[in-house]
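The values are calculated or read from the model by the stated rules, or taken from the named source; none is laboratory data. Keep in mind that this is a model prediction, so the values were computed, not measured. Cβ sites come from the backbone with ideal geometry, for glycine too, and all protein chains shown count toward neighbours.
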Amino acid sequence: MHAAYTLPGDAVFPEGITTAPDGTFYVGSSRDGTIYRGRLDHPDTEVWLPAGTDGRTRVLGLTVHAQARLVACGGATGHLYVYDLQTAALVAQRSVPSENPLLNDVWIVGDTAYVTDSHTPVVWRLALGDSDATTGEFEVFARVEGAGELPYLNGVTATPDGSALLVGAQGDDSLWRIDLATAEATRIEVGAPFGPDGMLLLGDALYGLVNEGTSHADVVFYLSEVCVAADGRSGVEVRRWRADAFDVPTTLAYARDRLLLVNSQLNRAEAGAPFQVISVPLPE
């Protein structure tokens with residue numbers, strides 16, 4: 001693996017990342033909706049789907065479904081896109097019934113996609129199906145009412161035992177457990193502010209990208225590790241760290257015992273090319 005992977009373009013502002021079974025990874029542009037594809041053995045990436053394809057003007061969270069489809073969140077457009085990984089063909093496009101959405105991140109349990117909305121305290125649900133046809137429509141799965149007036153729901157994953165979702169609320173730096181059977185949302189205290197952007201679960205280790213600061217001038221970005229119970233009802237932060245290579249990291253993925261972090265450069269005054277995904281070792 002390389003230490004960094006460069007995304008072509010002068011105004012990429014990448015946000016989401018996911019890996020496919022064959023070792024390739026996909027990154028989305030929050031600025032224009034371009035989706036990039038990279039290989040772990042090559043330092044440069046390529047444009048996989050150009051900006052504006054299928055009306056796609058923003059891409060935030062990404063994930064892979066059934067080892068065959070790429071699912072992409074369309075941010076403020078309110079759209080969710082599903083693409084065939086082999087052909088890059090659009091399989092489905094669905095929109096949430098909301099006047100002011102911001103579809104931020106997505107996680108799939110079985111054949112159902114769960115999508116966080118950063119403009120409303122809502123997690124949406126969409127049945128993807130197990131074939132090339134997605135016939136379902138979006139519905140509200142759960143509401144997170146206890147995270148303040150502006151919870152800004154963001155990162156999402158599942159608990160180690162698969163019984164619930166774990167959702168980060170950046171608005172008040174909190175972590176929430178949403179039971180998949182009842183849709184009940186419960187706040188989890190982990191001993192530190194923890195309302196991550198991207199999240200990644202490896203065993204019982206929950207990694208999240210968090211930040212501290214009161215303004216763009218003094219904000220500092222960290223990678224935090226929380227040890228969570230199998231059912232997600234409890235957890236404790238065990239460490240957090242940062243590296244000089246961090247440049248407003250937003251989301252992360254896992255490949256070959258390393259973490260792939262997206263350096264978004266969002267909200268940075270001196271932002272500009274090269275925009276990169278960086279590779280860092282898992283902490284020992």
statement: Listed by first then second residue, the pairs whose first member lies in the range 179-205 and is without any contact (Cβ under 8 Å) to a residue 60 or more places away in the chain, whose partner is among the aromatic types (Phe, Trp, Tyr) and outside any strand (DSSP E or B), with beta carbons under 9 Å and at least 6 positions apart or on separate chains, are ILE188/PHE194; GLY195/TYR152
field: Criterion: at pLDDT 95 or above and crowded, with 16+ Cβ neighbours inside 10 Å - qualifying residue of SER224, SER234
entry: SER224
message: Could you tell me how many of the residues in the range 189-203 are surrounded by 12 or more Cβ atoms within 10 Å (Cβ to Cβ) and either closer than 21 Å to ILE17 by Cα or among the hydroxyl-bearing types (Ser, Thr, Tyr) (or both)?
response: 9
- prompt: Across the range 160-217, what is the number of residues that are within 13 Å of GLY235 (Cβ to Cβ), of a type in the set (D, E, K, R) and not in a loop (DSSP other than H, G, I, E, B)?
  reply: 2
statement: Taking the range 25-45 and keeping only residues that are surrounded by fewer than 17 Cβ atoms within 10 Å (Cβ to Cβ) and either among the charged types (D, E, K, R) or closer than 21 Å to VAL82 by Cβ (or both), one is left with ARG39, ASP41, ASP44
field: Lone qualifier among GLY61, GLY78 - being within 16 Å of the chain's Cα centre (by Cα) and under 29 Å from ASP257 (Cα atoms)
entry: GLY61
- request: Kindly check whether there is at least one residue in the range 142-150 that is part of a strand (DSSP E or B) and crowded, with 19+ Cβ neighbours inside 10 Å.
  value: yes
- line: Picked from the range 101-113 (must be in a strand (DSSP E or B) and among the hydrophobic types (A, V, I, L, M, F, W, C)), the residue farthest from ALA20 (Cα to Cα) is LEU103
message: For the range 180-200, which positions are of a type in the set (A, V, I, L, M, F, W, C) and farther than 28 Å from ALA127 by Cβ?
response: VAL190, ALA192, PHE194
task: For VAL64, state whether it is surrounded by 15 or more Cβ atoms within 10 Å (Cβ to Cβ), in contact (Cβ under 8 Å) with a residue 40 or more places away in the chain and closer than 19 Å to LEU128 by Cα.
output: yes
query: Given the conditions (1) at pLDDT below 95; (2) crowded, with 19+ Cβ neighbours inside 10 Å; (3) touching an Asp or Glu at 6+ places or on another chain (Cβ under 8 Å), and given that LEU153 satisfies all but one, which numbered condition is not satisfied?
result: (1)
- prompt: In the range 67-95, how many residues are outside any loop (DSSP other than H, G, I, E, B) and out of contact with any helix residue (DSSP H, G or I) (no Cβ under 6 Å at 6 or more places or on another chain)?
  reply: 17
- prompt: Given the conditions (1) more than 16 Å from THR18 (Cβ to Cβ); (2) in a loop (DSSP other than H, G, I, E, B), which single one is not true for VAL59?
  reply: (1)
- request: Can you confirm whether the range 176-184 contains a residue that is buried (at least 20 other Cβ atoms within 10 Å of the Cβ), closer than 20 Å to PRO283 by Cβ and over 16 Å from the mean Cα position of the chain (by Cα)?
  value: no
- prompt: Any chance the range 25-40 includes a residue that's acidic (Asp, Glu) and in contact with a strand residue (DSSP E or B) (Cβ under 6 Å, 6 or more places away or on another chain)?
  reply: no
- prompt: Condition test on PHE246, is it of a type in the set (A, V, I, L, M, F, W, C), without any contact (Cβ under 8 Å) to a residue 40 or more places away in the chain and buried (at least 16 other Cβ atoms within 10 Å of the Cβ)?
  reply: yes
statement: Note on SER98: of the conditions (1) modelled with pLDDT of 95 or more; (2) over 24 Å from LEU266 (Cβ atoms); (3) part of a loop (DSSP other than H, G, I, E, B), unmet is (2)
